[in-house]
1. Condition (residue is surrounded by 16 or more Cβ atoms within 10 Å (Cβ to Cβ) and assigned to a loop (DSSP other than H, G, I, E, B)) applied to the range 696-704: is it met by at least one residue?
2. Got a number for residues in the range 482-521 being surrounded by fewer than 21 Cβ atoms within 10 Å (Cβ to Cβ), assigned to a strand (DSSP E or B) and of a type in the set (S, T, N, Q)?
3. Determine the pairs where a residue that is under 9 Å from residue 336 (Cα atoms) and touching a residue at least 12 places away in the same chain (Cβ under 8 Å), located within the range 296-318, has a partner that is charged (D, E, K, R) and surrounded by fewer than 23 Cβ atoms within 10 Å (Cβ to Cβ) with Cβ atoms under 7 Å apart, the partner being 6 or more residues away or on another chain.
4. Which pairs do you get when a residue that is outside the structural domain of residue 94 (by TED's automatic domain parsing), found in the range 104-122, comes within reach of a residue that is part of a loop (DSSP other than H, G, I, E, B) and basic (Lys, Arg), reach meaning Cβ atoms under 7 angstrom, with the pair 6+ apart or on two chains?
5. Does any residue in the range 663-681 that is touching a residue at least 12 places away in the same chain (Cβ under 8 Å) and in a loop (DSSP other than H, G, I, E, B) come within less than 6 Å, Cβ to Cβ, of a residue that is surrounded by 13 or more Cβ atoms within 10 Å (Cβ to Cβ) and aromatic (Phe, Trp, Tyr) six or more places away or on a different chain, and which pairs are these?
6. List, please: which pairs have Cβ atoms under 7 Å, are six or more places apart or on different chains, and start with a residue in the range 536-551 that is exposed (fewer than 14 other Cβ atoms within 10 Å of the Cβ) and end with one that is assigned to a helix (DSSP H, G or I)?
7. Out of all the residues in the range 625-662, which are without any contact (Cβ under 8 Å) to a residue 60 or more places away in the chain and within 16 Å of residue 685 (Cβ to Cβ)?
8. On the basis of being under 19 Å from residue 107 (Cα atoms), basic (Lys, Arg) and assigned to a helix (DSSP H, G or I), does residue 144 make the cut?
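The values are calculated or read from the model by the stated rules, or taken from the named source; none is laboratory data. Just so we're clear, the structure is a prediction, and the values are computed from it rather than from any experiment. Here the Cβ is made from the backbone with ideal geometry for all residues, glycine too, and neighbour counts use every protein chain on show.
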Amino acid sequence: MFKPITFKAFLLLVVFGIPTLRVNAKPEPLDNIDSLKYFENLTRQYERNGDKVKLVETLIAKSQYLFNKKNLDNALIEANQALIVSLDMGREQYLEKAYYLLSQIHIEKGLLYESIDYLYPGYRYSIATRDSLKIGWYLLSISKVEGELGRLNNAIENNLTAINFFKSRNDSLSLAKIYTSQGIIHTEFGNFVTAQSYLENAIAILKVVVDSTYLGITYRALANNSLRQSNNLMADKHLKKSETYLKNNPKELARTQTVGAELLINQLKPNSAIPLLQSILNTQNEINDRYGQLYPLLLLGKAHARVGNYSESKKYLLQCLKQSESLSITNISRLAYKELSQLEELQGNKTLGYQYLRKYISLTDSLFNNQIISEANRLENISALRQKEKEIQRQRENLLLSQANLNKSRLRQLFLVGFIAILIVLVVVSYLAFRNKQKANLLLAEQKEKIEKQKNMLEQRSRDITDSLNYARRIQKAILQTSEQPTDFFDDSFLIFLPKELVSGDFYWFKRFNNQMLFAVADCTGHGAPGAFMSIIGMFGLNQIVSELNETNPGEVLQNLNELFHKSFEQREGSEIFDGMDIAFCNYNPETRELRYSGANIYLNIVRKSNSQKVSNIILNQNETHTLYQVKCERQSIGYVTEKVSFVTHSIQLEKDDIIYLYTDGFTDQFGGPNGKKFRLVDFRNILCSIASYPMAKQKDFLLEIFSEWKGDNVQVDDVTVMGIRIT
């Protein structure tokens, strides 16, 4: 005999499409109309009876059924009704179910901003009901939604909680997803080393659990991290891996291809990027990826602006701005305002360009000011400190346990002496234990207070140092950006500029004066903040000498710069300052191809075809097609000198296809390779001679790859600057 089907069992049959059972009949599935009618009848019945528990269960089951059938609008109505009844009841288990359904529906509908209103309450109720599966789902969903919306501080705070949770659950796959999210966030904040560490940890886990989709997403994040550091070669490698893993996922593949299009724009190939971006948009329109469409629209605006098609550029940028504001994606809106400001400036619309610029600055301050970035770093530090505190607590518990065991052992031994002796010893031991405990408690309290003070002091110092270095980096970056770039002077040229720390002791300088092209590469004493300070003085000095003194002769420029440094750092007996800089200064006349050069500890290197006239008598390297020549510099730094030195100006008549190389010692001083030794200067010169026939952009990528492979996991020892210019 069959037992009657319970109410909850019948709801499960309807929601998950399990066929109903009839005696002596074949099972048949309920169709949509019969299922909905049954739900409606139950709803009216329980409303009349005032049975709120069964009413809310019915509404939740009906909403889940409609959600499974992709009838999202009606599912949303039923879920909202379930939430209203649950709020009236105040039952946590039903509130969590209602918020869970509402979160799922809003995410599925692409209403990410609205889903936040349900994700956080649902997460709190899942904690209250101790539903570990739901807690994990909410942590992953909040991370994904907050990251998509660009609310990075909220995402990073959620992620730190998620990391501890998934570690405690040994959930490797979820932990890897959170690591990927952390890597993406730190890339946005400019913490590239921290970002790379998170992303590499994620890839190590994902290769074990074999999740192709997230491997592709993580390699895409690594590519974006390399792209932000202008390492186009590594970005291209990571993109190829990402495309391989995502070939069966149209949505994520399109987003990877978007990063590839940005790489083409950075490589000055906007004409190649435009058709690729159009194809990406078509794909995203077909799969209704509204959030994924934003960045391709922005890049189409940038690409069209690069080729001079300003009307098309503005059309795409305004479309991007409209969609990003409707979806509340503030970071994309910020970037759209920046591009619109530059576009209006190019067309002479300064008033409108200024308005867009103000909006860009306002949004940038709200998203990426120092306070927000410091807060994110503070959260990371607090998480690490909490782990340390837990370790201290475990050690304290082990110590107390060991002490208790020791006392028990002593007591067992004392019992052998005799009952009376034991009583006396127990009194003594108890008294001594009480005193020791008091002393231990006082000592622990003092140690805890010292640790708290040290922790607060370290946190404050960390914030101060980070804020100061970030501000110094912005100052130096702004000064370098005011100088013209090598591509503004020479069509076929490159510049590698890799600071060791946030700020650099190396600097480069370009200036056009009358019909002369002036440029220099310098290496100041030290690196980091001291080196950056010296570089600012050096750039200021060059601008003053050329602009105010109208001096362009390289030897005289260095002589004046030497005197300026000597005056800036007033030398007195017993208080001499041994700081200064090594520098190469060049004056090039494009009409006559005459190059005038003077150097202080930085040589001029010229590669010329081997069958052409010699540049100088010093030949550093030679092959069948090209010869590397060196022009001497003065073996004296700018700055502190014991004897007055005259800087000589050398004149060289250049020829078409000659290549000029200027570089500091950071590249060849780098430790690495299989034996952990310095990169030999002989090998570097041989490379310059062997790649002379390459285009300059390819030379740059080749040198960056060589440097990266040589350095490996070693710490960068110095700032690296290499400049290459081909004469056309």
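1. No, the range 696-704 has no match at all.
2. Counting residues in the range 482-521 that are surrounded by fewer than 21 Cβ atoms within 10 Å (Cβ to Cβ), assigned to a strand (DSSP E or B) and of a type in the set (S, T, N, Q) gives 1.
3. From the range 296-318, the pairs are 298/339; 301/339; 317/339.
4. As it stands, the answer is none, since no pair meets every condition given.
5. Here the result reads 668/679; 668/684; 670/679; 673/710; 679/710, each pair linking the range 663-681 to a residue that is surrounded by 13 or more Cβ atoms within 10 Å (Cβ to Cβ) and aromatic (Phe, Trp, Tyr).
6. From the range 536-551, the pairs are 549/560.
7. Within the range 625-662, 629, 630, 631, 632, 633 meet the criteria.
8. Yes, satisfied.
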